1. Can you tell me how many residues in the range 201-230 are crowded, with 21+ Cβ neighbours inside 10 Å and more than 14 Å from the chain's Cα centre (by Cα)?
2. Name every residue in the range 103-114 that is open to solvent by 50 Å² or more (accessible area, probe 1.4 Å) and in contact with a Leu (Cβ under 9 Å, 6 or more places away or on another chain), in order of residue number.
3. Return the total of residues in the range 33-52 being modelled with pLDDT under 95 and polar (S, T, N, Q).
4. Restricting to the range 179-211, count the residues that are modelled with pLDDT under 90 and under 18 Å from residue 249 (Cβ atoms).
5. Determine which single condition residue 286 fails, assuming it passes every other condition in (1) out of contact with any helix residue (DSSP H, G or I) (no Cβ under 6 Å at 6 or more places or on another chain); (2) part of a helix (DSSP H, G or I).
6. Confirm whether residue 145 is among the hydroxyl-bearing types (Ser, Thr, Tyr) and closer than 18 Å to residue 266 by Cβ.
7. Evaluate the following for residue 70: is it over 21 Å from residue 138 (Cβ atoms), open to solvent by 60 Å² or more (accessible area, probe 1.4 Å) and either free of Cβ contacts under 8 Å to residues at least 40 places away in the same chain or of a type outside the set (Phe, Trp, Tyr) (or both)?
8. When the range 290-303 is examined, which residues are found to be within 18 Å of residue 256 (Cα to Cα) and within 26 Å of the chain's Cα centre (by Cα)?
Amino acid sequence: MLRRLPEPAKDLLRSLANPRGAMLARKIRKRKADRLARNDVYQPEPRVSLMIQSFNHRDHVPDIVAGLRRTAAEEIIVCEDGSIDGSLQAWTDLLDRPNDFVVRSNDLHELRAYDRAMTLARGEIVCLLQDDDIPPEDTSWYDHSVALFERYPKLVMIGGCIGFSGLETCTAISDEHPYAPGDITSVYGETPDYATEDGIPFMFVEGINVGPVFIRKKPFLEIGGFDMSYSPVGWPAIHFDIEMSLRVWREGGQVGWFPMPFAQRGMPGTKSFGHLQKRLDQLQRNAAKLHESFDDLLPTISEQVARANATLVQRK
């Protein structure tokens with residue numbers, strides 16, 4: 001007695017009998033065979049997850065992927081936030097390994113895009129990157145950062161661009177500096193004043209800015225993660241990185257600065273899209289929030305920073 005095929009099986013046979021369905025099946029078989037031949041292995045517990053905020057810098061994608069592939073990071077997560085220039089396809093063409101992920105959102109901006117990606121990341125350490133920063137050929141930016149976390153167990157964040165010593169802010173535009181009202185002006189020099197015993201230029205600082213920024217995920221989430229109040233949906237979260245830094249110190253962690261020679265390329269975000277005044281308003285609003293939250297705590301935080309730096313080797 002012949003048994004009647006279940007409907008899903010009938011659908012499969014019909015699709016394979018269709019020329020387009022048969023062609024698709026051959027492509028899928030080839031893709032699976034290619035992946036098996038490469039012997040890629042899914043890592044359920046990667047050490048490091050690299051997270052890139054992507055918004056309309058398609059031409060940068062190949063250089064960014066190549067730079068990240070040179071590192072030992074096991075996981076790459078792209079926060080593709082509604083690009084219209086073909087960035088999504090560019091990322092998916094190149095990110096073809098088991099621990100490669102693309103999170104698609106619709107112009108939520110960096111804070112919420114990173115927050116969503118953070119819930120997906122399995123790394124003990126995550127690194128926040130931006131699509132207008134190109135990784136250098138040398139991977140010491142990655143290798144030294146991971147080593148610094150191993151050396152300093154209280155270290156929660158490492159910034160790779162600028163270190164800030166306090167919350168001095170610009171109040172008016174002048175010819176003497178390029179700042180706008182609300183910008184933090186208490187910037188450390190071009191290189192740290194200290195180094196580790198084996199010569200890594202590094203120092204503890206009150207604040208850092210994105211990006212790159214390496215974060216030890218577990219303690220960061222335990223102190224509350226990203227503060228969403230620093231950004232309305234779809235707008236830049238100016239100074240959210242400094243807020244994170246000061247909150248880490250307040251909660252007993254440490255923040256460090258290790259300059260990383262990324263090449264900055266591309267258009268300056270919100271300024272280029274006709275919303276300069278919105279950005280300036282956000283800048284002053286968030287600067288006021290920082291002062292309200294941390295002015296009283298800053299002397300204590302600066303003392304913590306000085307004690308931590310006393311354990312390093314002075315370079316200057």
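1. Count: 7.
2. Listed by number, the list holds a single entry, 104.
3. Summing the residues that are modelled with pLDDT under 95 and polar (S, T, N, Q) in the range 33-52 gives 2.
4. Qualifying residue count for the region: 1.
5. Among (1) out of contact with any helix residue (DSSP H, G or I) (no Cβ under 6 Å at 6 or more places or on another chain); (2) part of a helix (DSSP H, G or I), residue 286 violates only (1).
6. Details: among the hydroxyl-bearing types (Ser, Thr, Tyr): yes; closer than 18 Å to residue 266 by Cβ: no.
So residue 145 fails the test.
7. Numbers: over 21 Å from residue 138 (Cβ atoms): no; open to solvent by 60 Å² or more (accessible area, probe 1.4 Å): yes; either free of Cβ contacts under 8 Å to residues at least 40 places away in the same chain or of a type outside the set (Phe, Trp, Tyr) (or both): yes.
No: the conditions fail for residue 70.
8. 298, 301, 302 - these are the residues of the range 290-303 that are within 18 Å of residue 256 (Cα to Cα) and within 26 Å of the chain's Cα centre (by Cα).
The values are calculated or read from the model by the stated rules, or taken from the named source; none is laboratory data. Remember, predicted model here, so these are calculated numbers, not experimental data. Because the Cβ atoms are built from the backbone with ideal geometry, glycine has one as well, and the counts that use them run over all protein chains shown. Accessible surface areas use protein heavy atoms only, side chains included; no ligands, DNA or RNA. Shrake-Rupley method; radii C 1.70, N 1.55, O 1.52, S 1.80 Å.
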